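One structure is given here, and the rest of the page talks about it.
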Amino acid sequence: MAKCFYCKQEVDVEAFRNPYTKEIHPTCEQCRKGFTSFPREKLFFSRAIFILPLFILGSIVLIFFNWRMGLFGLIIFIILEALSIKLLSHYRKKTGIAVGTYVVAPRNIRWCKTCKHYRKVKKFDDILNGIWKNEQLPDSSCIPCKIISETTEVWKDFFMLDRKDRTLFPKDCPKWTRK
């Protein structure tokens, strides 16, 4: 057990050459995964994000000399810039998943408590004796949904599942709408 050069944690470490600085330091497995997960892709798209604005500026200048070529170049380079930004964030997310540091924002999860149709029902989501554990569909006043008439099928399917297979709320409701 030694201290990782990058995260400073006391863990098992091995000598590792940093692909960016070419220095060799004692590095833990998690930090090695961070360096080795999609390095080419992240490097390519991060460079593209900084180079493409120069082409965008060049296209703006070209508009004054040949407006069709300049406008065409401007549109293409703006699309490539947006695509590069999106793909860089995608590969950073995949790296975070591989390393184990990726955290999902709870409000982005599609479930009842993030739905605008959610209503608080005190007895429903109690972990030990909540209504969500019932064998049959309870009275509509006990369901935490304001539009129960439109989501009855979702709730029927939810209560038909075995208790061990259920989650706290039904998954993939077609009427889910962000708050």
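Taking 0.36 nm per residue of separation and subtracting the Cα-Cα distance, what length does fully extending GLU23 through MET1 add?
Additional length available on full extension: 5.8 nm.
Between LYS123 and ARG163, what's the calculated FRET efficiency when r is the beta-carbon distance and R0 is 22 Å? Round to 0.05.
0.85
Let me see the P(r) profile for the chain: every Cα-Cα distance counted, bins of 5 Å, each bin given as a percent of all pairs.
1, 7, 11, 10, 9, 7, 7, 9, 11, 11, 8, 5, 2, 1, 0
Among ILE148, LEU128, THR27, which residue has its Cα furthest toward the positive end of the charge dipole of the chain, with +1 on Lys/Arg Cβ and -1 on Asp/Glu Cβ?
ILE148
Report in % the part of the accessible area of the range 58-179 that belongs to carbon and sulfur, leaving out ligands and nucleic acids; probe 1.4 Å.
60
Computed over the Cα atoms of the range 115-179, what is the ratio Rg over Rh, Rh following Kirkwood?
0.92
In the chain, with Lys and Arg counted as +1 and Asp and Glu as -1 at Cβ, which of these residues, LEU87, PRO53, LEU168, has the Cα nearest the positive end of the dipole, that is, farthest along it?
Positive-end residue among those listed: PRO53.
Highest mean first, how do 99-106, 79-86, 157-164 rank when packing is the count of other Cβ atoms within 10 Å averaged over residues?
Ranking, from highest mean packing down: 79-86, 157-164, 99-106.
Rolling a 1.4 angstrom probe over the protein heavy atoms, how many square angstrom per residue are accessible across the chain?
Heavy-atom SASA per residue in the chain reads 72 Å².
Past 18 Å, Cα to Cα: identify those pairs from LYS113/LYS179; LYS93/LYS179; LYS93/LYS113; LYS86/LYS175, in the order given.
Pairs exceeding the cut-off: LYS93/LYS179; LYS93/LYS113; LYS86/LYS175.
In deg cm²/dmol and to the nearest 500, what is the mean residue ellipticity at 222 nm of the chain if only DSSP H runs of at least 4 residues count, each as -39500 (n - 2.57), divided by the residue total?
That calculation yields -14500 deg cm²/dmol at 222 nm.
If the reach is capped at under 20 angstrom between alpha carbons, list the lysines near LYS164, excluding any in the same chain fewer than eight residues apart.
LYS123, LYS133, LYS156
What are the equivalent ellipsoid semi-axes of the range 1-41, built from the alpha-carbon gyration tensor (square roots of five times its eigenvalues), in whole angstrom, biggest first?
18, 11, 7
List the residue ranges in the chain for DSSP H helices whose C-alpha atoms run 15 angstrom or more along the long axis and whose Kyte-Doolittle average is -1.0 or above.
Going by DSSP H runs, the hits are 39-65, 67-99.
Can you give the charge dipole size of the range 1-47 about its Cα centre, rounded to the nearest 20 debye, using +1 on the beta carbon of Lys and Arg and -1 on the beta carbon of Asp and Glu?
280
So what's the gap between the Cα centers of the range 137-179 and the range 21-44, to the nearest angstrom?
44
Length gain on complete extension for the stretch ASP172 to LYS116, per 0.36 nm per residue less the alpha carbon to alpha carbon distance?
My answer for the length gained is 18.7 nm.
Relative contact order of the chain, please, whole-number percent, based on alpha carbon pairs below 8 angstrom and at least 6 residues apart.
Relative CO of the chain lands at 16 percent.
Dipole size in debye (nearest 20) for the range 1-108 around its Cα centre, Lys and Arg Cβ +1, Asp and Glu Cβ -1?
The calculated dipole for the range 1-108 is roughly 200 debye.
The values are calculated or read from the model by the stated rules, or taken from the named source; none is laboratory data. For clarity, every value in this text was computed on a predicted model and none was experimentally measured. Every residue, glycine as well, gets a Cβ built from its backbone with ideal geometry; the counts of neighbours run over all protein chains shown. Each accessible area value is taken on the protein alone, full model and side chains, heavy atoms only, with ligands, DNA and RNA left out. Shrake-Rupley method; radii C 1.70, N 1.55, O 1.52, S 1.80 Å.
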